Amino acid sequence: MEAIEKQSSKISKLSGGNRLDSRLTLTYFSIAFVTLLIGGLLGLLQGLNRAGLLELPTNFNYYQVLTAHGILLVLVFSVLFVIAYFYSVLSHTMDGLFPVVRKMGWISLITMLVGVVLVITNVVMGNASVMYTFYPPMKASPWFYVGLFIVVAGIWIAAFGGFTQIAKWRKRHRGQHIPLLAFFAMGVFILLFFGSLGVTAEVLMLIPWAFGWTETINVMLSRTLFWSFGHTFVNIWYLTAVSLWYVVVPKVIGGRLFSDTLTRVVVILLVVSNIPGGFHHQIVDPGMSEGIKLTHALMSMVIGFPSLMTAFAMFFVFARVGKKKGAKGVFGWIKKMPWGDVRFLAPMIAMIFFIPGGAGGIAQNANQLNQVVHNSLWVVGHFHITVGVTAVLTFFGAMYWLIPYLSKRTLTPAMNKLGVIQTLIWTIGMVFMAGGMHTVGLLGAPRRTSYTTYGDSATAASWDPYLLLLAVGGVLLTIGLVLIVYIVFNLMFFAPKGTTEFPIAQGEDNASETPKWTERWSVWIIIMLFIVAFGYVFPLVDMIQNAPPGSPPFITW
Amino acid sequence: MNMHRYEKIWLFLAASMLVIAVVYSGVQTFALGQGPPSGVGMIDPEKVEETAPFDNPGTFQISENEYEVVMILRAFSFEPNVIEIPAGATVHFKMTSTDVMHGFQVIGTNLNAMIMPGHIQEAKQTFKKPGEYLVVCNEYCGVGHQLMSMKIIVK
Ligand SMILES: [Cu+2]
């Protein structure tokens, strides 16, 4: 433990870390934020359409826009961000990336971009209006699926780069724990790789079917394989955000780590319990018995446990810092927090939104509650506060120190102020949009539907005022979007030269030694695979053996 | 691993909450018979119209206060697209799709189910309040998805 502290304190003096590594991660961040801008603007078009304020042309219709929005934000932005962030973490905490790892980072980026271009071109040309879930038997152009496969291959290269870095580092630092943030990186790369195996199997079945080499497809199997990945991705963003909450936020507010051991246990729990969590997307599906659904409800629920541990840990850290600064009472710490510091404000708001976000997640796991909201706009509202605030606002918060750290520049008070404004606009925009979506979803408004009156139905007309909130929120979010993109590129190229710290909180002076078993990744992976097998082997075998005749392809757009 | 006493209490409460949620779901599903729509029947998606009971979609009274509704979903319509049911009757829905995935959501009720080609979805609902219920497809199914709706008239 002491050795790690000494080492990381030495590195934190070298602002900017390795120049070659910074170039790699800054390139990732640039592309990520351009993607965010494009994807976000497409989101605005949808909000305006859904509120009945804008008619989209037939050659670039609502569903095309929605497909592009989903893919660009859910897949491209988040993946690029997560990889860039963890590569900079590995570089910073491990004294630079090994040259082979840096090379893998570049190859991964190029591979992913080739895949993305193939995917998006097909969407724009109208050959793949199938949403980011691409449920068969809706059939996109085969090249759309080929593109997806290439994207996943790129993700794997990055994940293996991460594994290589950690393995090489451990060989040179025998007996030492890997740095805590690198421990998070390990968890995320494991999920990126294992979590995407299911969807890869799905895509490999879809490609020959889309080319016409096989006639039919097993719809249920495809859908289940998709969700084995779909929800793991959610937890990858979440684990990334959590790493910043545990390790960076305490340092920013002048505190210490909650507990190195507990933090590592949370990472392990999130990794091993993760993949079967996606089944709750299928609670109202046919073809699966109620018993299997309940088993999975239980398995999904387990993810709630480490989240609640996190909630406790964070408030404990805040209270401890508050007390040190003279706060009194249970909530006295609130007044002692640096609310004007965007590096704190953004992740703090993100955490606050995780309270309703997490509760909504738990609610969806229960059969009856799931039935109330399944495929309604409520779900869209739910993931806009979980991903759009809890994860993304934490990511934004990291940009105010990570970009200057990488570009060897500084965050000026003026830029900090602009950051605070950006954070508030983003938050208010999400409150309007996600709030409207939650409400109108409970009233029954479906998701993924362009503006419609359902034949002048009075029920549908009663949704209209709430749908207007979507447009208002969308406009505010667009302003927030332009601001964050401006801030990121300003900090990258124009902010004053200087040194910025990579904030990493240290443990308490009397903290107990982290036990060695936390490092047994081979054991955790085996446990994870065992849990995945427990959740999936029986239903998948059943879906393959007791399959109805397969479905031929349909193009319905 | 050293844990703070408050943390132990918090984690105990957290775990209890999750266990209660699961147990409650279990009781609802198996003791109260309110499980989610989970029809396990299968059908050849290319032969729906010639396979019983889907060769004759419609509303059928099966006992004094019970009805069966056989329904086909296809892009972008329901067949039948209007059904009439007396208030208080229990309705058993049997549904399948001839093409892509669709959703079946009766607005103002908990009735919400995925309809997939190859699978026969089943759901049960008692409509107590008379009125006109809007039913929408809530799974994106193509360019006319926003037009896909029907009515349940409860008298
Ligand atoms: Cu439909």
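What accessible area, in Å² to the nearest ten, does a 1.4 Å probe give for A:L45?
50
Run down the aspartates and glutamates and flag those whose C-alpha is under 19 Å from the C-alpha of A:K251, throwing out any fewer than 8 positions away in its chain.
Once the sequence-local aspartates and glutamates are set aside, what remains near A:K251 is A:E2, A:E5, A:D260, A:D341, A:E501, A:E508, A:D509.
Can you compute the modelled spin-label distance between A:L204 and A:N18, with each label point 7 Å from Cα toward Cβ, in nm?
Computed distance between label sites A:L204 and A:N18 equals 3.2 nm.
Out of A:A366, A:V114, A:P57, whose Cα points farthest toward the positive end of the dipole of chain A (charges: +1 Lys, Arg; -1 Asp, Glu; placed on Cβ)?
Comparing the listed Cα positions along the dipole, A:V114 ranks first.
Placing unit charges on C-beta atoms (Lys and Arg positive, Asp and Glu negative, everything else neutral), compute the dipole magnitude of segment A:315-468 about its Cα centre in debye, rounded to 20. Spell out each step's value before the answer.
Values: 13 positive and 3 negative charges, 237 e Å.
Using only the charged Cβ atoms, the result is roughly 1140 debye.
How big is the accessible area of A:T478 in square angstrom, nearest 10, if you roll a 1.4 angstrom probe over the protein chains?
20
Tell me, which residues of segment B:15-32 get at least 10 Å² less accessible area when the other protein chains come in, versus the chain alone (1.4 Å probe)?
Those are B:A15, B:M17, B:L18, B:A21, B:V22, B:S25, B:G26, B:Q28, B:T29, B:F30, which lose 10 Å² or more relative to the chain on its own.
Cα to Cα, under 19 Å, and not fewer than 8 places away if on the same chain: which aspartates and glutamates meet these conditions relative to B:K155?
Output for B:K155: B:E64, B:E66, B:E68, B:E84, B:E132.
Over chain A, what is the relative contact order in whole percent, taking alpha-carbon pairs under 8 Å and six or more residues apart?
Averaging sequence separation for qualifying contacts and normalising by length gives 20 percent for chain A.
Quick check for you: with a 1.4 Å probe and neighbouring chains kept, what is the accessible area per residue of segment A:398-516, in Å²?
I get 41 Å² per residue for segment A:398-516.
Given +1 on the Cβ of Lys and Arg, -1 on the Cβ of Asp and Glu, and no further charges, what dipole in debye does the protein assembly as shown carry about its Cα centre, rounded to the nearest 20?
Values: 45 positive and 34 negative charges, 761 e Å.
Computed charge dipole of the protein assembly as shown: roughly 3660 debye.
When you count, for each residue, the other Cβ atoms within 10 Å and take the mean per peptide, how do A:264-275, B:38-49 rank with the highest first? The partial results should precede the final answer.
On the way: A:264-275: 23.4, B:38-49: 17.5.
Most protected by this proxy first, the peptides run A:264-275, B:38-49.
Cross-link list A:K103/A:K497; A:K293/B:K124; A:K103/A:K168; A:K325/A:K497; A:K336/A:K417; B:K94/B:K151: which exceed 22 angstrom alpha carbon to alpha carbon?
Working: A:K103/A:K497 28 Å; A:K293/B:K124 18 Å; A:K103/A:K168 15 Å; A:K325/A:K497 32 Å; A:K336/A:K417 19 Å; B:K94/B:K151 16 Å.
Cα-Cα > 22 Å for A:K103/A:K497; A:K325/A:K497; rest within.
Where a ≥ b ≥ c are the square roots of the eigenvalues of the C-alpha gyration tensor, would you call the protein assembly as shown rounded, which needs a/c under 1.5, or, failing that, prolate if a/b is larger than b/c, or oblate?
Numbers: a/c = 1.72, a/b = 1.67, b/c = 1.03.
Prolate, since a/c reaches 1.5 and a/b exceeds b/c.
Using a 1.4 angstrom probe on protein heavy atoms only, which residues from segment A:339-385 are buried by at least 50 Å² of accessible area when all chains are present rather than their own chain alone?
Residues meeting the cut-off: A:N367, A:Q368, A:Q371, A:N375.
Taking amide H positions as placed in the peptide plane 1.01 Å from N, state which residues far from B:F78 in sequence (5 or more) or on other chains have amide H under 5 Å from it.
Result for B:F78 returns B:S149.
Set Lys and Arg Cβ to +1 and Asp and Glu Cβ to -1, take the dipole of chain A about its Cα centre, and tell me which of A:S512, A:F149, A:L42 lies farthest positive.
Ranked along the dipole, the leading option is A:S512.
Among the chymotrypsin sites (Phe, Trp or Tyr not before Pro) within segment A:162-228, which fall in a DSSP loop and have no more than 15 other Cβ atoms within 10 Å of their own Cβ?
On the way: sites: A:F163, A:W169, A:F183, A:F184, A:F189, A:F193, A:F194, A:W209, A:F211, A:W213, A:F226, A:W227; in loops: A:W213.
Answer in residue order: A:W213.
What is the Cα centroid distance between segment A:248-286 and segment A:121-197, reported in whole angstrom?
So the two Cα centres are separated by 19 Å.
Taking the Cα centre of the protein assembly as shown as the origin and placing charges on Cβ (Lys, Arg +1; Asp, Glu -1), which of A:T310, B:V136, A:I355 is farthest toward the positive end of the dipole?
Of the options given, the answer is A:T310.
In segment A:24-115, what trypsin sites (Lys or Arg not before Pro) fall in a loop by DSSP, with at most 12 other Cβ atoms inside 10 Å?
Details: sites: A:R50, A:R102, A:K103; in loops: none.
For trypsin sites (Lys or Arg not before Pro) across segment A:24-115 that sit outside H, G, I, E and B with at most 12 neighbouring Cβ atoms in 10 Å, the list is empty.
Using helices alone, what [θ] at 222 nm do you get for the protein assembly as shown, with -39,500 (n - 2.57) per DSSP H run of 4 or more residues, divided over all residues and rounded to the nearest 500?
Working: 23 runs with 402 residues, N = 712.
Roughly -19000 deg cm²/dmol at 222 nm, from the helical runs in the protein assembly as shown.
Compute the Cα gyration tensor for segment A:402-557, then decide on rounded, prolate or oblate, letting a ≥ b ≥ c be the square roots of its eigenvalues: rounded whenever a/c is under 1.5, prolate when a/b is larger than b/c in the other cases, and oblate in all that remain. Spell out each step's value before the answer.
Values: a/c = 2.45, a/b = 1.13, b/c = 2.17.
Here segment A:402-557 falls in the oblate category.
If contacts are Cα pairs under 8 angstrom and at least 6 residues apart, what is the relative contact order of segment A:113-265 in percent? Please list the in-between numbers first.
Values: 141 pairs, mean separation 37.2, N = 153.
Relative contact order, segment A:113-265: 24 percent.
Once each part is reduced to its C-alpha centroid, what is the distance from segment A:376-416 to segment B:1-70 in angstrom?
38
Does segment A:455-526 come out rounded, prolate or oblate by the C-alpha gyration tensor, with a ≥ b ≥ c the root eigenvalues, rounded set by a/c under 1.5 and, if not, prolate when a/b is larger than b/c and oblate if not? It would help to have the intermediate numbers written out before the result.
Working: a/c = 3.62, a/b = 1.60, b/c = 2.27.
It is oblate, given that a/c is not under 1.5 and a/b is not larger than b/c.
Taking all protein chains in place and a 1.4 Å probe, what share, in percent, of the accessible surface of the protein assembly as shown do carbon and sulfur account for? Before the final figure, lay out each step's value.
On the way: 17380 of 26310 Å².
With neighbouring chains kept in place, the figure for the protein assembly as shown is 66 percent.
Can you give the accessible area per residue of segment B:31-155, in Å², using a 1.4 Å probe? Write down the numbers at each step before the final one.
Working: 4780 Å² over 125 residues.
In whole numbers, segment B:31-155 has 38 Å² accessible per residue.
With every protein chain present, what is the per residue accessible area of segment A:211-344 (1.4 Å probe, Å²)? Write out the running numbers ahead of the final one.
Numbers: 4010 Å² over 134 residues.
Per-residue value: 30 Å².
Estimate for me the total accessible surface buried between chains A and B (protein heavy atoms, probe 1.4 Å, no ligands or nucleic acids), in Å² to the nearest 100. Write out the running numbers ahead of the final one.
Details: alone 22140 and 9700 Å², together 26310 Å².
Summed over both sides, the interface buries about 5500 Å².
Relative contact order for chain B using alpha-carbon pairs under 8 Å, separation at least 6, rounded to a whole percent?
Relative contact order for chain B comes out at 22 percent.
Could you tell me what percent of the DSSP beta bridges with both partners in the protein assembly as shown are antiparallel, to the nearest 5? Please report the intermediate quantities before stating the final value.
Numbers: 31 of 45 bridges.
Roughly 70 percent of the DSSP beta bridges within the protein assembly as shown come out antiparallel.
May I ask you to list, by number, the DSSP H helices of chain A whose Cα span along the axis is at least 24 Å and whose average Kyte-Doolittle hydropathy reaches 1.6 or more? Don't skip to the answer; put the middle values down first.
On the way: long enough: A:19-50 (46 Å, 0.87); A:99-124 (37 Å, 1.73); A:142-172 (45 Å, 0.79); A:219-243 (36 Å, 0.86); A:304-324 (30 Å, 0.91); A:342-365 (34 Å, 1.21); A:413-442 (43 Å, 1.03); A:464-493 (44 Å, 2.16); A:521-545 (34 Å, 1.92).
Qualifying helices: A:99-124, A:464-493, A:521-545.
The values are calculated or read from the model by the stated rules, or taken from the named source; none is laboratory data. If you're wondering where the values come from, they're calculated on a predicted model, not measured in any experiment. With ideal geometry, Cβ positions are generated from the backbone for all residues, glycine too; neighbour counts draw on all protein chains shown. The area values use the complete protein model at the heavy-atom level, side chains included, leaving out ligands, DNA and RNA. Shrake-Rupley method; radii C 1.70, N 1.55, O 1.52, S 1.80 Å.
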